[in-house]
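Okay, structure first, notes after.
The values are calculated or read from the model by the stated rules, or taken from the named source; none is laboratory data. Because the structure is a prediction, the values reported are computed rather than measured. Don't worry about glycine lacking a Cβ; one is built from the backbone with ideal geometry, like all the others, and counts go over all protein chains shown.
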Amino acid sequence: MQKTGDINGRVADAPSGNWVYRILPPGLWPYAQLARWDRPIGWELLMWPCFWSAALAANAAAAAGQSPGFLLIYHLFLYFIGSVAMRGAGCTYNDLVDHDIDMEVARTRSRPLPSGRVTRRQAKIFMALQALVGLLVLLQFNGFAIVLGVLSLGIVALYPFAKRFTDWPQFFLGLAFSWGALMGWAGLFGGLSLASVLLYAAAILWTIGYDTIYAHQDKEDDELVGVRSTARLFGDKTRLWLVGLYGAALVLMLLSFALAGAGWLSYIGLLIAGGMFAYQIAVLDINDAQQCLALFRFNGKVGLIIFSGLFLSFLLLVV
């Protein structure tokens, strides 16, 4: 296969100063790129709903007179490891499915598979190893959470094909990426509640919003190769759609926090997050690919702010 990747073994849309290129030997770079270790925003966005849900469940437990302090910290550690592993496995799977499409899109042509720096067999083995790490993490939880985690695999398997049959692939991404909003609660309580379901719905809307911004980078290439997306669907009305998506996400989070008995600092975090959503909507230029990428990454900070409010509220409840 002819190699079309960057002469230095990099990919087009990853920061060249990332630790991957400073620490790992060049022979491991293609695998790190398959797992997107050089672009941490992906596992962060997968991790934050897990962290929100775990912290929200801890708030509910503390309000009921329980104090799952060490268990919360342990679960957060597991969700971190699991998010990195499963995001990497998911991206590797996505690249295997989208191999031909990635060769036709300028931003993705330099990735390891289309550039020929990794074979499909090597990618499959690497995907299986990452999935094994994710399985080992999942087995640390209660039976209900384990079953719930396994059920998510169906959505994960479907997502790469969604762009071929619907204008709403971002919705399917939201279903998969937001699953942690259920897992965090289930990991602590061994079941679900309306609060966790509302948080899951909010995270789905958040995901559709930020990934629509992200998809505007590729809309011209997507149109040429027949890939569908909410960026193409919304077009010039994207800002109005974001008002609805982000606004509804905030309302659902507010209801979720109230039902769980979250402390007052969680609402401060939600208020700050609302301001960060408003900022994205106000400055968005859907024809500026670099700005779209920056605003997409900005949502990592949104996730951190919401988690910080929940975590600090928990601390106040148990002190």
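Starting from residues that are among the polar types (S, T, N, Q) and not in a helix (DSSP H, G or I), keep the ones in region 216-230 and report whichever is farthest from TYR159 (Cα to Cα). Break it down stepwise before answering.
From region 216-230, those among the polar types (S, T, N, Q) are 217, 229-230; that's our starting set.
Within this subset, residues satisfying the condition of being not in a helix (DSSP H, G or I) are 217, 229.
On the way: GLN217: 19, SER229: 12 Å.
My answer is GLN217.
Scanning region 208-215 for any residue that is closer than 24 Å to HIS75 by Cα, among the small types (Gly, Ala, Ser) and in contact (Cβ under 8 Å) with a residue 12 or more places away in the chain turns up nothing.
Considering (1) of a type outside the set (Phe, Trp, Tyr); (2) assigned to a helix (DSSP H, G or I); (3) under 22 Å from LYS219 (Cα atoms), the lone condition that CYS50 does not fulfil carries the number (3).
Of the residues making up region 95-105, one or more are more than 23 Å from the chain's Cα centre (by Cα), over 24 Å from SER308 (Cβ atoms), in a loop (DSSP other than H, G, I, E, B) and in contact (Cβ under 8 Å) with a residue 12 or more places away in the chain.
Every residue, every condition in (1) touching a residue at least 40 places away in the same chain (Cβ under 8 Å); (2) buried (at least 17 other Cβ atoms within 10 Å of the Cβ); (3) of a type outside the set (Phe, Trp, Tyr); (4) in a helix (DSSP H, G or I), yes or no:
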site	(1), (2), (3), (4)
ALA258	no, no, yes, yes
LEU271	no, no, yes, yes
TYR279	no, no, no, yes
ALA294	no, no, yes, yes
GLY303	yes, yes, yes, yes
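With the structure loaded, tell me whether ARG36 is at positive phi and either in contact with a Gly (Cβ under 7 Å, 6 or more places away or on another chain) or charged (D, E, K, R) (or both) or whether it fails that test. It is true that ARG36 is at positive phi and either in contact with a Gly (Cβ under 7 Å, 6 or more places away or on another chain) or charged (D, E, K, R) (or both). Exactly one residue out of ARG117, ARG87 is assigned to a helix (DSSP H, G or I), modelled with pLDDT under 95 and either surrounded by 22 or more Cβ atoms within 10 Å (Cβ to Cβ) or more than 23 Å from the chain's Cα centre (by Cα) (or both), and it is ARG87.
Per the listing GLY191, GLY149, the residue uniquely part of a helix (DSSP H, G or I) and at pLDDT 95 or above is GLY149.
Identify the residue in region 36-77 that is of a type in the set (S, T, N, Q) and in contact (Cβ under 8 Å) with a residue 24 or more places away in the chain and, among all such residues, is surrounded by the most Cβ atoms within 10 Å (Cβ to Cβ). The selected residue is SER53. Among the residues in region 162-178, are any surrounded by 19 or more Cβ atoms within 10 Å (Cβ to Cβ), touching a Pro at 6+ places or on another chain (Cβ under 7 Å), among the charged types (D, E, K, R) and in contact (Cβ under 8 Å) with a residue 40 or more places away in the chain? Yes, region 162-178 has at least one match. Tallying residues that are modelled with pLDDT of 90 or more and of a type in the set (Lys, Arg) within region 1-35 yields 0.
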